[in-house]
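> Handing you this structure, nothing more for now.
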Amino acid sequence: MENLPKRLAASGAVEIAVKLGSISGGRVLDVATESGDFINSLMKTLKAYDYFIGIDISKKALETARKRFAGQPVKLVEMNAELLEFDNESFDTVCMAYSLHHLNRIDKVLTEMHRVLKPGGHLIIQEEFRDGKQTEAQTTNILQHAWDAQIDSLLGETHKMTFTKDKVEEIIGSLQLERVETFESTRPLFCLFCEKALGCEDPKWERTLKGSLEEIDAGLKRLAEVADPKARIRLQKQGEELKERNRKFGNESPSQLFAIGEKA
Ligand SMILES: C[S@@+](CC[C@H](N)C(=O)[O-])C[C@H]1O[C@@H](n2cnc3c(N)ncnc32)[C@H](O)[C@@H]1O
């Protein structure tokens, strides 16, 4: 993590990595793991670990992770986090990144995550939030995410607008953990290990813009499957406005909360 670009170095992500470096993860469960970005970051930051189990409700979401972690101590299982198929207190660390707003029943998932964690074990939550002081480029990302989430919702998938910071804190508070430490960062943890980190210092970097416009085009394509014509027209227009906004202000990750606590 030496020689990090300036804005990334000042983002708050380094402090999170330092904290993780003091934790021996043991048996780690990553809930809603998708392509395994969070497992990858934890492998690079935790002081030690025995193995990871990543679960996701979507078989397709796990495909990338399966290839990525071949030959490594990572097991990937298709499973609903509302009903974890693990014994009580069977993990030393249980975590979830960027998924609270994707859950149909947050309460059920958190209860399950708490159940399978051993007393004294670490529970880690990372989630972005939509309010507070955000740059114009971060606001682009927040608006684009809300637009994308609306399309997913119209197509029957649970995908909510990113929560406010207070809401994320309230959700974390509901876990009644001990020794909770909360960090705030303007960059995701994985940026510390990303080859694109230098380019991403500029929110209008051409690769960022290209990726973002491609994501909007993918959303517009999905929009064609939405049955309600009024919603289609409204979201089509918003999609074009978002393209303009990306060109004008750029796009970068919203601010994030990162909480680590211990089970009593
Ligand atoms: C934004 S992605 C997760 C990103 C990932 N954790 C990372 O760090 O890059 C949200 C994931 O939540 C998963 N998901 C939603 N509801 C779930 C549930 N009830 N059980 C397990 N996974 C779920 C989705 O399939 C999706 O892959």
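The values are calculated or read from the model by the stated rules, or taken from the named source; none is laboratory data. As the structure is a prediction and not an experimental result, all values here were calculated from the model. All Cβ positions, glycine included, derive from the backbone under ideal geometry; neighbour counts span all protein chains shown. Surface areas here come from the heavy atoms of the whole protein model, side chains and all, with no ligands, DNA or RNA. Shrake-Rupley method; radii C 1.70, N 1.55, O 1.52, S 1.80 Å.
> Scale the Cα Rg of region 6-262 by the rule-of-thumb value 2.2 N^0.38 Å and send over the ratio, two decimals.
Here the Cα radius of gyration is 1.01 times the empirical estimate.
> Sticking with this structure for a sec: List the lysines whose alpha-carbon lies under 18 Å from that of Lys210, not counting same-chain residues fewer than 8 positions away?
Filter leaves Lys196, Lys221, Lys243, Lys248.
> Using only helices, what value at 222 nm comes out for the chain when you add -39,500 (n - 2.57) per DSSP H run of length 4 or more and divide by the total residues, to the nearest 500 deg cm²/dmol?
-12000 deg cm²/dmol
> Let me ask you something else. Leaving out ligands, DNA and RNA, and with a 1.4 Å probe, what % of the accessible surface on region 6-262 is carbon or sulfur?
51 percent
> Note the full-extension length gain between Ala231 and Arg247 as 0.36 nm times their separation in residues minus their Cα-Cα distance, in nm to one decimal. Don't skip to the end; give the middle numbers.
On the way: separation 16, 0.36 × 16 = 5.76 nm, distance 2.44 nm.
Result for the pair: 3.3 nm of gain on full extension.
> Tell me which residues come under 5 Å, amide H to amide H, from Gly54 once H is placed; ignore anything under 5 positions away on its chain.
Asp30, Lys75, Leu76, Val77
> Just grab the label-to-label distance for Lys67 and Asp166, each label 7 Å out from Cα along the Cβ direction, in nm (one decimal).
4.4 nm
> Can you work out ³J(HN,Hα) from phi for every residue in region 48-57, in order, using Karplus 6.51 cos²θ - 1.76 cosθ + 1.60 and θ = phi - 60°, giving whole Hz and x for Gly and Pro?
Values per residue, Gly and Pro as x: 7, 7, 8, 7, 10, 10, x, 10, 8, 6 Hz.
> Another question, then. Measuring from label point to label point, each 7 Å out along Cα→Cβ, what is the Ser24 to Ala10 span in nm?
A separation of 3.8 nm, rounded to one decimal place.
> Oh, and also: So, in nm, how far is label Thr135 from label Lys60 when the simple model puts each one 7 Å beyond its Cα toward the Cβ?
The modelled label-to-label distance comes out at 3.3 nm.
> Please calculate the 1.4 Å probe accessible area of Thr182, with all protein chains present, and give it to the nearest 10 Å².
80 Å²
> Counting heavy atoms of the protein chains only and a 1.4 Å probe, report the per residue accessible area for the chain as a whole number of Å².
Details: 13260 Å² over 264 residues.
Per residue, the chain has 50 Å² of solvent-accessible surface.
> Express as a percent, rounded to the nearest 5, the fraction of DSSP beta bridges in the chain (both residues included) that run antiparallel.
Counting only bridges with both partners in the chain, antiparallel ones make up about 40 percent.
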